[in-house]
Amino acid sequence: MTHSFTESDLLQTAGKTVDPVFQQPLSTLRTLKEASIADGRITITVELPLYGYPQKDELTTAIQKTIADAHSDAGEVTVDYTVKVRGKDSGGSIGLKVKNVIAVGSGKGGVGKSTMAASIAYGLKELGASVGLMDADVYGPSIPHMLNVEGQPAASEPSPGVMRIEPNVAEGGVKVMSIGFFVKPDQAVVWRGPMLHKTLTQFLKDVEWGELDYLIIDMPPGTGDVSLTLSQLLGLAGAVIVCTPQQVALLDAVKAISMFNQVRIPVLGIVENMSGDVFGRGGACEKAKEMDVPFLGEMPIDAQVRIQGDAGNMAKLFDEDSSAREPLMNISQQVALGVAKKLLEGGSMPTLEIL
Ligand code: ADP
């Protein structure tokens, strides 16, 4: 069967399809990879900018409709998908080959920030991305315990005088770096500002992270110190704020948002953790609306989360029969989506005079 149009005509036509998630034409999004006609059959290939794109079926239907409306002799159209995560690649200046660096912060301790940072890392990995997890919660590095990774990371010298640190790898293939690998679990670390700055800089510059789609950073609660260091080193994709539903905790979350704004790290949104009978439910969602910040989902109180965290078995939360899987996958997907949306917006932050 011969058509009245060429492959390049098809690209032009398909490019007019409005993406149901990003609400922009595919030509603007530059997600159309290829149009081919083989044996009279049309195949359109779309390169999605993230794993976990939520409306594939709708996009397929929209593309098919655009083509059918423009070319009555098109026949059946197949839409294939590939994924290439997009990012700011903003660590390039310090040699970091990570597309998106995401900070996970909270206004105060104990809200499940480390749990959520580890869960988002695993969740993004489950969706198909390559992921690293950096524990910058230097005052209480709990990541090594939760993920059951220990031991001093190996050092290598790829060329004379160049020292690299190899991150440890947790079950499931998430690369991990933590100050906890260098101190005993019961040893308190007294940090002076410059030491903190130097260590975090080293964690980003000297650790062999390799090429990653996402590097998740578990931030210390509250303080702006670490955020400032990070924002000076690289342009973060954004910050996720974890909070619990009760009013007091929400006030702390508001402070955390203001802190990230001050150091010019875009806020991706709020996650409500431990929602349920004890703390109430929905407070974070309301607060997010009030502050015009996206709400990224909620994780109910679930004994499994504490049990698996304590046992160093966080990966188990993602087993098919785990009650925590669905809410955690949902949050991870919303984070990936938030990053992609911020990137499309161009997300340049206002300059603040006080810095
Ligand atoms: P933070 O990093 O904010 O100090 P953690 O991630 O260390 O908090 O979590 C504090 C405690 O709460 C841990 O014992 C953790 O297992 C538990 N926890 C976190 N989220 C949940 C949840 N959704 N349900 C039950 N326990 C949770």
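The values are calculated or read from the model by the stated rules, or taken from the named source; none is laboratory data. Quick caveat, the model's predicted, so the values are computed rather than measured. Cβ coordinates were reconstructed from backbone atoms using ideal geometry, including for glycine residues, and neighbour counts include every protein chain displayed. Accessible surface is based on the protein model in full, side chains and every heavy atom, while ligands, DNA and RNA are left aside. Shrake-Rupley method; radii C 1.70, N 1.55, O 1.52, S 1.80 Å.
Take peptides 2-8, 96-102 and line them up by average Cβ neighbours within 10 Å, highest first, as a rough protection proxy.
Ranking the peptides 2-8, 96-102 by packing returns 96-102, 2-8.
If amide hydrogens are placed 1.01 Å from N in the peptide plane, which non-local residues have theirs closer than 5 Å to the one on V79?
Amide H to amide H, under 5 Å and 5 or more residues apart or across chains, V79 pairs with I44.
For the chain, modelled as a GNM with alpha-carbon contacts under 10 angstrom, which of V240, V183, V335 fluctuates the most?
Result for the chain, Cα springs under 10 Å: V183 fluctuates most.
May I ask which of K88/K289; K198/K342; K97/K184; K56/K99; K108/K287; K88/K205 have a Cα-Cα span longer than 21 Å here? All intermediate terms of the calculation are to be shown ahead of the outcome.
Values: K88/K289 27 Å; K198/K342 29 Å; K97/K184 30 Å; K56/K99 23 Å; K108/K287 16 Å; K88/K205 17 Å.
Flagged as over cut-off: K88/K289; K198/K342; K97/K184; K56/K99.
Take the chain, connect every pair of alpha-carbon atoms lying under 10 Å apart with a spring to form a Gaussian network, then pick out the residue of T115, T244, T43 with the largest mean-square fluctuation.
Greatest mean-square fluctuation among the candidates belongs to T43.
Count charges around G140 for me, please; just the other residues with Cβ under 11 Å from its Cβ, Lys/Arg as +1, Asp/Glu as -1.
-2
Specify the residue with the greatest mean-square fluctuation among M219, M274, M116, computed from a Gaussian network of the chain linking alpha-carbon atoms under 10 Å apart.
In the Gaussian network model the winner is M274.
Could you report the chain's accessible area per residue, 1.4 Å probe, as an integer in Å²?
Accessible area per residue, the chain: 46 Å².
What whole-number distance in Å separates the alpha-carbon centres of segment 155-193 and segment 3-66?
So the two Cα centres are separated by 44 Å.
Can you give the Kirkwood hydrodynamic radius for the chain, in Å, rounded to one decimal and based on Cα pairs?
Taking every pair of different Cα atoms in the chain, averaging 1/r and inverting gives 21.7 Å.
How much of the DSSP beta bridge set in segment 7-83 is antiparallel, as a percent to the nearest 5?
Bridges in segment 7-83 are about 50 percent antiparallel.
Tell me the net charge near N100. Cut-off is 10 Å between Cβ atoms, N100 excluded, with +1 for each Lys or Arg and -1 for each Asp or Glu.
Overall, the nearby charge balance is +2.
Can you tally the net charge around K84? Count Lys and Arg as +1, Asp and Glu as -1, for every other residue whose Cβ sits under 15 Å from the Cβ of K84.
Working: positive: R30, K33, R86, K88, K97, K99; negative: E34, E47, D80, D89, E211, D213.
Taking every other residue near K84 into account, the sum is 0.
I'd like the distance between the alpha-carbon centres of segment 217-248 and segment 108-145, rounded to an integer number of Å.
So the two Cα centres are separated by 13 Å.
Which percent, to the nearest 5, of DSSP beta bridges fully inside the chain are antiparallel?
Here the share of antiparallel DSSP bridges comes out near 25 percent.
Tell me, in nm to one decimal, what length is gained between D9 and S258 on full extension, where the rule is 0.36 nm per residue of separation less the Cα-Cα distance?
84.8 nm is the gain from fully extending D9 to S258.
Once amide H atoms are placed 1.01 Å from N in the peptide plane, what residues at a sequence separation of 5 or more from M274, or on another chain, have their amide H within under 5 Å of its amide H?
Hits under the 5 Å cutoff: M299, I301.
Using a 7 Å offset from the Cα along the Cα-to-Cβ direction at both K56 and A68, what is the distance between the two label points in nm, to one decimal?
2.1 nm
Take S156 and E47, extend 7 Å from each Cα along the Cα→Cβ direction, and tell me the distance between the two endpoints in nm.
For S156 paired with E47, the spin-label model returns 2.8 nm.
Taking the Cβ-Cβ separation of S322 and T2 as r and a Förster radius of 41 Å, what is the calculated FRET efficiency to the nearest 0.05? Spell out each step's value before the answer.
On the way: r = 53 Å, r/R0 = 1.30.
It comes to 0.15.
Computed from the mean reciprocal separation of all distinct C-alpha pairs, what Kirkwood hydrodynamic radius does segment 7-83 have, in Å? Mind dumping the intermediate values first?
Values: mean 1/r = 0.0815 Å⁻¹.
Answer for segment 7-83: a Kirkwood hydrodynamic radius of 12.3 Å.
Once neighbouring chains are kept in place and the probe is 1.4 Å, which whole percent of the accessible area of the chain is contributed by carbon and sulfur? Let's see the in-between values first.
Values: 8170 of 16440 Å².
The computed percentage sits at 50.
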